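Take a look at the structure below.
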Amino acid sequence: IMKNTVTTFQAMKDKGEKISMLTAYDYSTAKLEDAAGINGILVGDSLGNVVLGYDTTIPVTVEDMIHHGAAVARGAKNSLVVVDMPFLSYQTSVYDAVVNAGKIMKETQCDCVKLEGGKSVCPQIKAITDASIPVMAHLGLTPQSVNAFGGFKVQGKTVEAAQQLIEDAKAVEEAGAFAVVLECVPAKLARKVTEALHIPTIGIGAGEGCDGQFLVYADMLSMFSDFTPKFVRSFANVGEIMSQAFKDYDAAVKDSSFPAQEHTFKIADEVLDKLYYCWINKSDIFDLKIVLVWDARACLKNHSSNLHTPICGIFCLHSVAVAHYAALIQ
Ligand code: KIV
């Protein structure tokens, strides 16, 4: 398998091959997605909802994105790794946008960044692209604008909004974006946008007319239960499997069926015997100083463990501790 790059994505659109994308926020998930042949992995700011438990993506910081982005980049060898620019890391100025995109790319070693918006962020898209950092654009339901939208709603339903979406899509392509995400856009409109653009469109809730598809991995595995958008298909009920496994583990711990013999590590009986000797002598060391007592061989059994190494110890003949020990082992 070859490393997916921005040119791979363009070639796939040009050949009419569909592009698969999923989100991931950690190393292990990224490794699994990468091995499954997923073309692109987005470290989405949806980590605010899925991983950090916020209601929106608004509180997510550049540091959050870097922390998770770097973990994903370490796990993804072939997938294109895209890291989201979080709220207010690029809207404030072109300068901020380039600095933050550069920081994200340097510190995560991702392949590109994604940001939300159309015409209004085109200067940022151009400047970041000019700095050789590829940009994925994001139109339609852009969750960082939830407060401006007045909720999470399908976008582009009126003539004006549909026209605006097409214009924004052309504008981000013109500004240098290598791909554009269309989120919660009517399927027929998304198909029109896809046909109008040279660069690939990746749809999430935008129908099969897009060049590729996105899903939040925790949604498609039914692991995230706060809400499930209409466009999600559950590919496996991993949430249910996890929940059952947690219950089984809890029961196994409580009835002592876990851990079993095969989950434990061994220690030589002789070491334990010596430890036991130190223990009853209230001594930190196994004292080899005084007298060899070769006949002090014994099967040492006590209430907590079965020790059966012959004891060939060296004991002080006159000590109370030895008398105590001798009594115990005889
Ligand atoms: O943050 C995110 O996960 C996203 C995708 C779902 C497109 O932006």
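The values are calculated or read from the model by the stated rules, or taken from the named source; none is laboratory data. Treat the numbers as computed from the prediction; the structure is a model and nothing was measured. Cβ placement follows ideal geometry from the backbone for every residue including glycine, while neighbour counts extend to all protein chains displayed. Side chains are part of the model used for accessible areas, which takes the heavy atoms of the whole protein and leaves out ligands, DNA and RNA. Shrake-Rupley method; radii C 1.70, N 1.55, O 1.52, S 1.80 Å.
Rank these residues by their accessible area, most exposed first, probe 1.4 Å: Tyr95, Tyr54.
I get Tyr95, Tyr54, largest accessible area first.
Please report the Cα spread of region 33-185 along all three principal axes, rounded to whole Å, starting with the longest.
On the principal axes, region 33-185 reaches 44, 35, 32 Å in Cα extent.
Compute the distance in nm between two label points, each set 7 Å from the Cα along the Cα-to-Cβ direction, one at Met242 and one at Thr7.
Reported label-point gap for Met242 and Thr7 is 3.9 nm.
Run the numbers for Ile58 and Ser28: contour at 0.36 nm per residue of separation, minus the present Cα-Cα distance, in nm.
8.2 nm
Take the alpha carbon gyration tensor of region 37-82, find the square roots of its eigenvalues, order them as a ≥ b ≥ c, and report rounded if a/c is under 1.5; if not, report prolate when a/b exceeds b/c, else oblate.
Prolate, because a/c is 1.5 or more and a/b exceeds b/c.
On full extension of the chain, what length is gained from Phe258 through Asp14, given 0.36 nm per residue of separation minus the C-alpha to C-alpha distance?
Stretched out fully, the Phe258 to Asp14 stretch lengthens by 82.4 nm.
How far is the Cα center of region 192-220 from the Cα center of region 1-72, in Å?
With region 192-220 and region 1-72 each reduced to a Cα centre, they are spaced 14 Å.
Beyond 26 Å between alpha-carbons counts as too far, so tell me which of Lys18/Lys77; Lys31/Lys266; Lys13/Lys192 fall in that bin.
Violating the 26 Å Cα-Cα cut-off are Lys31/Lys266.
Quick check: with the 1.4 Å probe, what order do Phe246, Phe214 take by accessible area, largest first?
Phe246, Phe214
If you average the sequence gap of Cα pairs under 8 Å that are 6 or more apart and divide by the length of region 211-260, what percent do you get for the contact order?
Answer for region 211-260 is 28 percent.
Would you kindly find the accessible area of Val6, with a 1.4 Å probe and non-protein molecules such as ligands, DNA and RNA excluded, rounding to the nearest 10 Å²?
About 40 Å², ignoring ligands and nucleic acids.
Could you tally the net charge around Glu116, taking each other residue with its Cβ under 13 Å from the Cβ of Glu116, Lys/Arg +1 and Asp/Glu -1?
-2
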